[in-house]
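Peer 1: Please see the structure below; I have some questions.
The values are calculated or read from the model by the stated rules, or taken from the named source; none is laboratory data. Everything numeric in this text was worked out from a predicted model, so none of it was measured. Positions of Cβ are backbone-derived with ideal geometry, glycine not excepted, and every protein chain shown enters the neighbour counts. Side chains are part of the model used for accessible areas, which takes the heavy atoms of the whole protein and leaves out ligands, DNA and RNA. Shrake-Rupley method; radii C 1.70, N 1.55, O 1.52, S 1.80 Å.
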Amino acid sequence: MRRALRQRAERRKLMTAEPEVLDELRRLKARVPHVTGALAASVDGLVLAQDTPAVEAEGVAALTAAALGVAMRLTEATGRGAFRELLVRGDDGYVATYAAGSSAVLTLLAEPRANVGRLHLEARRASARIGALVDSARENA
């Protein structure tokens, strides 16, 4: 019971950053052509902010948390250090996930014709800003 109460309190803290994070997601989508969706989530799969019109954000956040767990174990097991990013390419486009501070991730959905180099460049910058916002909310709330 105490653990559940702590988790709820932590989630409330993270949610205080939602307006600023949502603004960052929208600016990122405007800067990178062919990005069709963006969401920020906690590492345990809670949606913090989202701009994903064609996708269920909660499901994507939960799957991101699962993929993050595997990616973290993979980077550690292979001696590659801490997780930074994950790129998945499908027939119909990309799913890219980036570490955002100590407790969040940024996940982007992009069309197949997206410039992946530009996607990485802008997403790395945005994930640093989102991470700072979320980490600050955790500390100050």
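Peer 1: Somewhere in the range 76-85, is a residue closer than 19 Å to Lys29 by Cα, at pLDDT 95 or above and of a type in the set (A, V, I, L, M)?
Peer 2: No, there is no match, as no residue in the range 76-85 is closer than 19 Å to Lys29 by Cα, at pLDDT 95 or above and of a type in the set (A, V, I, L, M).
Peer 1: So Ala30 ticks every box in (1) in contact with a strand residue (DSSP E or B) (Cβ under 9 Å, 6 or more places away or on another chain); (2) at pLDDT 95 or above; (3) assigned to a helix (DSSP H, G or I) but one. Which box is left unticked?
Peer 2: It fails just one condition, (1).
Peer 1: Evaluate the range 25-40: report whether one residue or more is farther than 25 Å from Arg113 by Cβ and without any contact (Cβ under 8 Å) to a residue 40 or more places away in the chain. Talk me through it step by step, then tell me what you get.
Peer 2: Restricting attention to the range 25-40, the residues satisfying the condition of being farther than 25 Å from Arg113 by Cβ are none.
Checked against the condition, which is being farther than 25 Å from Arg113 by Cβ and without any contact (Cβ under 8 Å) to a residue 40 or more places away in the chain, the range 25-40 yields no hits at all.
Peer 1: Continuing with this model, one more query. If you take the residues in the range 66-92 that are assigned to a helix (DSSP H, G or I) and β-branched (Val, Ile, Thr), which one is most open to solvent (accessible area, probe 1.4 Å)?
Peer 2: Filtering the range 66-92 for residues assigned to a helix (DSSP H, G or I) gives 66-77.
Among the residues that remain, those that are also β-branched (Val, Ile, Thr) are: 70, 75.
Working: Val70: 84, Thr75: 30 Å².
Filtering first and then ranking leaves Val70.
Peer 1: From Leu121, Leu106, Leu63, which residue is assigned to a strand (DSSP E or B) and modelled with pLDDT of 95 or more? Talk me through it step by step, then tell me what you get.
Peer 2: On the way: Leu121 fails: assigned to a strand (DSSP E or B); Leu63 fails: assigned to a strand (DSSP E or B).
Only one candidate passes the filter, namely Leu106.
Peer 1: Additional query: Taking into account only those residues within the range 93-141 that are open to solvent by less than 70 Å² (accessible area, probe 1.4 Å) and acidic (Asp, Glu), which is nearest to Glu56 (Cα to Cα)?
Peer 2: Glu111
Peer 1: Right, Ala49: touching an Asp or Glu at 6+ places or on another chain (Cβ under 8 Å), open to solvent by less than 70 Å² (accessible area, probe 1.4 Å) and assigned to a strand (DSSP E or B) or not?
Peer 2: Numbers: touching an Asp or Glu at 6+ places or on another chain (Cβ under 8 Å): yes; open to solvent by less than 70 Å² (accessible area, probe 1.4 Å): yes; assigned to a strand (DSSP E or B): yes.
Spelling it out, Ala49 is indeed touching an Asp or Glu at 6+ places or on another chain (Cβ under 8 Å), open to solvent by less than 70 Å² (accessible area, probe 1.4 Å) and assigned to a strand (DSSP E or B).
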